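K.L.:
Take a look at the following structure, please.
The values are calculated or read from the model by the stated rules, or taken from the named source; none is laboratory data. In this text, all values refer to a predicted model and were calculated from it rather than measured experimentally. Methodologically, a virtual Cβ is constructed for each residue, glycine included, from the backbone with ideal geometry; neighbour enumeration extends over all protein chains shown. Surface areas here come from the heavy atoms of the whole protein model, side chains and all, with no ligands, DNA or RNA. Shrake-Rupley method; radii C 1.70, N 1.55, O 1.52, S 1.80 Å.
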Amino acid sequence: MINERVLRTRRRRFGPLAPGVQPSEFFTSLWSRLERLRRSVEAHDLAVMTGCGAVLFLSLLFYGFWIPLTPGRLARPTSNLIKDLGLWQFVMDLDFPVAQTSGMVAAVVIVATLITFVAYACAVGVAVLRKPSPKSRQIVVWGAILFAFISVWLLPNFNTDVFNYIMRGRMAAVHDSNPYYHAADEFPDDPLHPYASHRYTSMPGAKFPGWMHINSFLASVAGDDPAQVLLVYRLGLLAFHLANMGLLALILLKLSPGGVWAGIVVYAWNPIVFLNGVSKTDTVMVFYLLVAVWLLTRGRKSLPVIAMGLSVAVKLVTAPLVLVYFMQDLSLRRWRQLAVSGILLVGTIALIYLPFWEGTEILSQHWLAMGKSGSSASGGLLAELLPVVFIGLVLWVGLTLDGSIGRLLEGWVYVMLFFSLLMTRIGMAWYLMTFIALVALVQRRHMLVLMGFIAFSSFMFNVWYSTFSGSFSVDELFSAPQLLVYSGLPVLVVLAILIRGRLSRWHAARPQLEAGAESLPANPVSFSGKRQNGARSIEQENHPKSTKQRNDGHMLRIVTYHRVAEPESDTLLDPKIISATPGVFEQHMRFLSQSYDVVAMADVVAAIEEGAKLPRRALLITFDDAYCDFQDNAWPVLKQYRLPATVFVPTAYPDQNHRMFWWDRVYAAVMQTQLETYVAPALGVLSIASSEEKAHSVRRLQNYIKGLSHSDAVTFVDKLVAELSGPTTLRKTVLSWDELRALAAQGVTFGPHTQTHPIMTQLSHDEVRAEVVGSYQDLQRELGEVLPIFCYPNGGHDDDVVRILREEGFSAAFTTRDGHNDLGSVDPLRLTRTNVTRKSTLPVLRLRLQPWFAYIDKVRHRERVPVTHR
């Protein structure tokens, strides 16, 4: 029998369905179909990648050879160059069936663009969600190279901006004239002059000097034949484009080895990139930026700033990213590095400008160019406010970074997301190349989806405006304001992501009610001795109160602490783990006792398993890792205010004084070493001479170790400690079993936190099960009865880990994701908590516990691609 309360809840949330269709049947069928489609795509990754590559190859031919033959493109002066190269003339002589009316061309463009980006999306999906097979990897690499080489030979009227570059370069290299102080129209007899856009030839000015140096070199070796010059420029930009692919691979090999192939697909298979990569200066700008990131992964501190300066000297698009980098150093108080970086940046820009300097006119040109870059907002107050908001975003992102490369790249992605949506002119698709490259490095799923739709929108507008102009015109692509259209698709994507997340949670939390109460055993027990999560006896299922007492609409707030201590109390333990000093902790507990109904863990388990009511302002207090200072500093305060608490114990540590947590071992080894530098295998040279440098290196090492498998992490830490001559005698940091038993007798609840505190997503399924069951049985053996609860170390969990906990009968599991919990809808094995840190002063904690702050937590949380089990 299907639970009627569940049916009513589904109808209330999702609305009425068609007559005769049960909600459970509808959602189960929908989810099953989506899962079958996903598994089918994953199982045939080679076929899918080959098919997507073929579609994108045909799209390249369509946009590079068919679109230039439409009447609007043939009206351009550059179409006269088609006869100058045998391949181009051959294409012209093929007599393609090209539509001659603007309406027909418009229809073909819309359909082709949709097909192109669907193929791109499928390729990205397969590359990101499933590790490509060796043959698929060959398709990825050779496909990217093929796209790049074919784009060199596109018809000359495909893109005309390159002729503006060429003309400026020839002024400097051939005519010995400074393009920043003279106009191209002063050289009307130049063979390239007829093909440049006369919107720009009548006035002095050129691209920024970072590009002009390269431009002058290409112009000096290209000759005077227009077709030959065009090919030389395209080949030159091709070299940068291929270098970008190589740099992406090198960076990802350091940061995320499993994401190399996905990164190449995201960047090099993107239609914007492979169509504009050999004709836009953005390719050079991205090259210098990737060089900077690569240098950062090598542990360099000064050289990345020089590369960033070169990137900005090509195009100002990356200037906000450089500001973010400097604000990060400011936030971390790296005064010396900040000063050195500033000097290097100014020096680099000065050296780039020096060969073209004849007066301040060049600076005024480029200052005005910043204002002419355009915005998606057409004008008015919004257009004036957007730069202010953007600068505020840049400053905020920079000040919230922690010094790690991963967080820096994520911050850059969010800055470029804002820039791409609101700070560039609609249709200037090549401006997205920096955004695409950064997304290829970060590979967050929600950002991949957003990037895809933004790229689609911009690409569509770009093709539309470049194809239909003059006498060959067509109605506007959309009658609505362009900003609304351009930003509307990403907004719809965000809504779709939220809806999909809602469906995923519904499916994950569905307590098998559709199977009927009759199919559930009265008291199911797993081999580890715990009741199966969500299972009820037939008496409970039929009891009238049990269908009413589910906590629909009731929020459970959970606060979590790690250590309560003074930062100077122990020089061997990482002070970053301290959640509050004893004084601040006392303020927190006094406030919680006065403002909230602090409940025990048993009450929460009863609410989850039996539908028992919780108080309206229910709050649960938890502690992770069972540090010794819980007994010394936290428990006396909790007893004073009569507040229950739960402590999660990594059960391999009590009574094992030779064991310390790996992050504390890294901290102690780095802070106590006498060495001034250390060469980490994947991080390069780390400076550890000053206390500031040591603290920064500790964070980098810890962030890197979190990405390793558990066995590799243990080996890495052991080797690190030995090489740094760290402390050979370890000491007690975790409560002993006798102390845990004494606290349990006083009312403290204890729960399993694995045995050895590994990140669960870095383990095999068997290792996950052994850690989970082993820690639970350890607590049972030492303390007696234990509630079926669990806490994920470092918050690491995915669908497989959750499934194992569900199979082992756990009722509740706690993540490190910030947020509040609606017990009527949340998956009890993915409970969120408010993580307290030393920044959580009493006013901050008050704010974070407000109901509306849960929505801010959802925005703050950044989804990460799950790590596959080894």
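K.L.:
Can you tell me which residue within segment 587-617, out of those that are under 15 Å from ALA812 (Cα atoms) and of a type in the set (Asp, Glu), is most open to solvent (accessible area, probe 1.4 Å)?
P.N.:
Here the residue is GLU610.
K.L.:
Scan segment 212-233 residue by residue and report those that are within 22 Å of LEU87 (Cβ to Cβ) and touching a residue at least 60 places away in the same chain (Cβ under 8 Å). So that I can check it myself, show each step before the final result.
P.N.:
Of all residues in segment 212-233, those within 22 Å of LEU87 (Cβ to Cβ) come to 218, 221-233.
Of everything in segment 212-233, those that are within 22 Å of LEU87 (Cβ to Cβ) and touching a residue at least 60 places away in the same chain (Cβ under 8 Å) turn out to be ASP225, PRO226, ALA227, VAL229, LEU230, LEU231, TYR233.
K.L.:
Any chance segment 618-628 includes a residue that's open to solvent by 10 Å² or more (accessible area, probe 1.4 Å) and either at pLDDT 90 or above or out of contact with any Ser or Thr (no Cβ under 9 Å at 6 or more places or on another chain) (or both)?
P.N.:
Taking segment 618-628 as the starting set, the residues that turn out to be open to solvent by 10 Å² or more (accessible area, probe 1.4 Å) are 628.
If we keep only those that are either at pLDDT 90 or above or out of contact with any Ser or Thr (no Cβ under 9 Å at 6 or more places or on another chain) (or both) as well, we get 628.
Checked segment 618-628: at least one residue is open to solvent by 10 Å² or more (accessible area, probe 1.4 Å) and either at pLDDT 90 or above or out of contact with any Ser or Thr (no Cβ under 9 Å at 6 or more places or on another chain) (or both).
K.L.:
Considering segment 179-199 alone, what residues qualify as being open to solvent by less than 20 Å² (accessible area, probe 1.4 Å) and part of a loop (DSSP other than H, G, I, E, B)?
P.N.:
Matches in segment 179-199: PRO179, TYR180, ALA183, ASP190, LEU192, ALA196.
To keep it simple, each residue is scored yes or no on (1) among the β-branched types (Val, Ile, Thr); (2) surrounded by 16 or more Cβ atoms within 10 Å (Cβ to Cβ); (3) part of a loop (DSSP other than H, G, I, E, B).
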site: ALA119; (1), (2), (3): no, yes, no
site: SER151; (1), (2), (3): no, yes, no
site: LEU154; (1), (2), (3): no, yes, yes
site: ARG170; (1), (2), (3): no, yes, no
site: THR201; (1), (2), (3): yes, yes, yes
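K.L.:
Failed condition for LEU230, given (1) crowded, with 23+ Cβ neighbours inside 10 Å; (2) closer than 30 Å to GLY403 by Cβ, with all others met?
P.N.:
(2)
K.L.:
Of all residues in segment 392-430, count the ones that are open to solvent by less than 30 Å² (accessible area, probe 1.4 Å), among the hydroxyl-bearing types (Ser, Thr, Tyr) and either closer than 21 Å to VAL463 by Cβ or modelled with pLDDT of 85 or more (or both).
P.N.:
Selection size over segment 392-430: 2.
K.L.:
Shifting gears a bit: Hey, could you check segment 99-109 for residues that are closer than 14 Å to ILE67 by Cβ and in a loop (DSSP other than H, G, I, E, B) and say which is farthest from the chain's Cα centre (by Cα)? Working first, answer last.
P.N.:
Initially, segment 99-109 is screened for residues closer than 14 Å to ILE67 by Cβ, giving 99-100, 102, 104-109.
Restricting the remaining residues to those that are in a loop (DSSP other than H, G, I, E, B) gives 99-100.
Details: ALA99: 42, GLN100: 44 Å.
In this case the residue turns out to be GLN100.
K.L.:
Could you tell me which numbered condition VAL685 fails, if it satisfies all but one of (1) open to solvent by 50 Å² or more (accessible area, probe 1.4 Å); (2) closer than 27 Å to THR560 by Cα; (3) in contact with a strand residue (DSSP E or B) (Cβ under 6 Å, 6 or more places away or on another chain)?
P.N.:
Condition (2) is where VAL685 drops out.
K.L.:
Do we find that TYR776 is of a type in the set (Ser, Thr, Tyr), in contact (Cβ under 8 Å) with a residue 60 or more places away in the chain, within 25 Å of MET601 (Cα to Cα) and assigned to a helix (DSSP H, G or I) in this structure?
P.N.:
Details: of a type in the set (Ser, Thr, Tyr): yes; in contact (Cβ under 8 Å) with a residue 60 or more places away in the chain: yes; within 25 Å of MET601 (Cα to Cα): yes; assigned to a helix (DSSP H, G or I): yes.
Here the answer is yes, as TYR776 does meet what is asked.
K.L.:
Okay, moving on. Restricting the search to segment 768-795, which residues are open to solvent by less than 10 Å² (accessible area, probe 1.4 Å) and either touching a helix residue (DSSP H, G or I) at 6+ places or on another chain (Cβ under 7 Å) or farther than 16 Å from THR756 by Cα (or both)?
P.N.:
Those that are open to solvent by less than 10 Å² (accessible area, probe 1.4 Å) and either touching a helix residue (DSSP H, G or I) at 6+ places or on another chain (Cβ under 7 Å) or farther than 16 Å from THR756 by Cα (or both): VAL768, VAL772, ILE789, PHE790, TYR792, PRO793.
K.L.:
Continuing with this model, one more query. Filtering segment 592-628 down to residues that are in a helix (DSSP H, G or I) and within 36 Å of the chain's Cα centre (by Cα), which residue is nearest to ALA652 (Cα to Cα)?
P.N.:
MET601
K.L.:
Condition first: at pLDDT 80 or above and under 34 Å from the mean Cα position of the chain (by Cα). Now tell me which residues in segment 199-217 satisfy that.
P.N.:
PHE208, PRO209, GLY210, TRP211, MET212, ILE214
K.L.:
Tally the residues that are more than 12 Å from the chain's Cα centre (by Cα) and open to solvent by less than 30 Å² (accessible area, probe 1.4 Å), restricting the search to segment 438-461.
P.N.:
Just the residues of segment 438-461 that are more than 12 Å from the chain's Cα centre (by Cα), to begin with: 452-461.
The next check asks that each one be open to solvent by less than 30 Å² (accessible area, probe 1.4 Å); those that pass are 452, 454-455, 457-461.
Looking only at that region, the number is 8.
K.L.:
Quick one: ALA634 ticks every box in (1) at pLDDT 90 or above; (2) open to solvent by less than 40 Å² (accessible area, probe 1.4 Å); (3) within 33 Å of the chain's Cα centre (by Cα) bar one, so which box is it?
P.N.:
Exception for ALA634: condition (3).
K.L.:
Next question, about the same structure. Need pairs with beta-carbon distance below 6 Å; first residue modelled with pLDDT of 90 or more and within segment 184-198, second in a helix (DSSP H, G or I) and surrounded by fewer than 14 Cβ atoms within 10 Å (Cβ to Cβ); sequence gap 6+ or separate chains.
P.N.:
Pairs found: none.
K.L.:
Residues that are surrounded by 21 or more Cβ atoms within 10 Å (Cβ to Cβ) and part of a loop (DSSP other than H, G, I, E, B): does segment 253-275 have at least one?
P.N.:
Looking for residues that are surrounded by 21 or more Cβ atoms within 10 Å (Cβ to Cβ) and part of a loop (DSSP other than H, G, I, E, B), one finds at least one in segment 253-275, hence yes.
K.L.:
Going by what's in this entry, would ASN244 be described as in contact with a Phe, Trp or Tyr (Cβ under 7 Å, 6 or more places away or on another chain), in a helix (DSSP H, G or I) and either open to solvent by 20 Å² or more (accessible area, probe 1.4 Å) or aliphatic (A, V, I, L, M) (or both)?
P.N.:
On the way: in contact with a Phe, Trp or Tyr (Cβ under 7 Å, 6 or more places away or on another chain): yes; in a helix (DSSP H, G or I): yes; either open to solvent by 20 Å² or more (accessible area, probe 1.4 Å) or aliphatic (A, V, I, L, M) (or both): no.
Answer is no for this residue.
K.L.:
Whether any residue in segment 704-717 is surrounded by 14 or more Cβ atoms within 10 Å (Cβ to Cβ) and either farther than 23 Å from GLY796 by Cβ or more than 28 Å from the chain's Cα centre (by Cα) (or both) is what I want to check.
P.N.:
Going residue by residue through segment 704-717, those that are surrounded by 14 or more Cβ atoms within 10 Å (Cβ to Cβ) are 704-710, 713-714, 716-717.
From the residues that got through so far, the ones that are either farther than 23 Å from GLY796 by Cβ or more than 28 Å from the chain's Cα centre (by Cα) (or both) too are none.
Checked against the condition, which is being surrounded by 14 or more Cβ atoms within 10 Å (Cβ to Cβ) and either farther than 23 Å from GLY796 by Cβ or more than 28 Å from the chain's Cα centre (by Cα) (or both), segment 704-717 yields no hits at all.
K.L.:
Residues of segment 657-671 being modelled with pLDDT under 85 and either polar (S, T, N, Q) or over 21 Å from SER736 (Cβ atoms) (or both), which ones? Let's see the steps before the verdict.
P.N.:
Let us first name the residues in segment 657-671 that are modelled with pLDDT under 85, namely 657-659.
Of everything in segment 657-671, just one residue is modelled with pLDDT under 85 and either polar (S, T, N, Q) or over 21 Å from SER736 (Cβ atoms) (or both), namely ASN657.
K.L.:
When THR571 is evaluated against the numbered criteria (1) at pLDDT below 90; (2) in contact with a strand residue (DSSP E or B) (Cβ under 7 Å, 6 or more places away or on another chain); (3) among the β-branched types (Val, Ile, Thr), which criterion, by number, is the only one it fails?
P.N.:
All conditions pass for THR571, except number (2).
K.L.:
Over 30 Å from TRP261 (Cα atoms) and either at pLDDT below 60 or under 29 Å from the mean Cα position of the chain (by Cα) (or both), is that true of PHE96? If you could, list the steps in order and put the result at the bottom.
P.N.:
On the way: over 30 Å from TRP261 (Cα atoms): yes; either at pLDDT below 60 or under 29 Å from the mean Cα position of the chain (by Cα) (or both): no.
Against the criterion (over 30 Å from TRP261 (Cα atoms) and either at pLDDT below 60 or under 29 Å from the mean Cα position of the chain (by Cα) (or both)), PHE96 does not qualify.
K.L.:
Would you confirm, using the coordinates I've provided, whether GLY64 is under 37 Å from the mean Cα position of the chain (by Cα) and surrounded by 21 or more Cβ atoms within 10 Å (Cβ to Cβ)? Can you show your working first?
P.N.:
Details: under 37 Å from the mean Cα position of the chain (by Cα): yes; surrounded by 21 or more Cβ atoms within 10 Å (Cβ to Cβ): no.
No: the conditions fail for GLY64.
K.L.:
Here's a follow-up. How about segment 673-715: which of its residues are in contact with a Gly (Cβ under 6 Å, 6 or more places away or on another chain) and either more than 29 Å from GLY259 (Cβ to Cβ) or assigned to a helix (DSSP H, G or I) (or both)?
P.N.:
Hits for segment 673-715 are HIS696, ARG699.
K.L.:
Tell me the residue from LYS131, LYS135 that is outside any helix (DSSP H, G or I) and either open to solvent by 80 Å² or more (accessible area, probe 1.4 Å) or modelled with pLDDT of 95 or more (or both), please.
P.N.:
On the way: LYS135 fails: outside any helix (DSSP H, G or I).
The conditions single out LYS131.
K.L.:
List every residue pair whose Cβ atoms sit under 8 Å apart, with the two residues 6 or more apart in sequence or on different chains, where the first one lies in segment 433-444 and is without any contact (Cβ under 8 Å) to a residue 24 or more places away in the chain and the second, anywhere, is of a type outside the set (Ser, Thr, Tyr) and part of a helix (DSSP H, G or I).
P.N.:
Final answer for the pair search is PHE435/VAL413; PHE435/MET416; PHE435/LEU417; PHE435/PHE419; PHE435/MET451; PHE435/ILE454.
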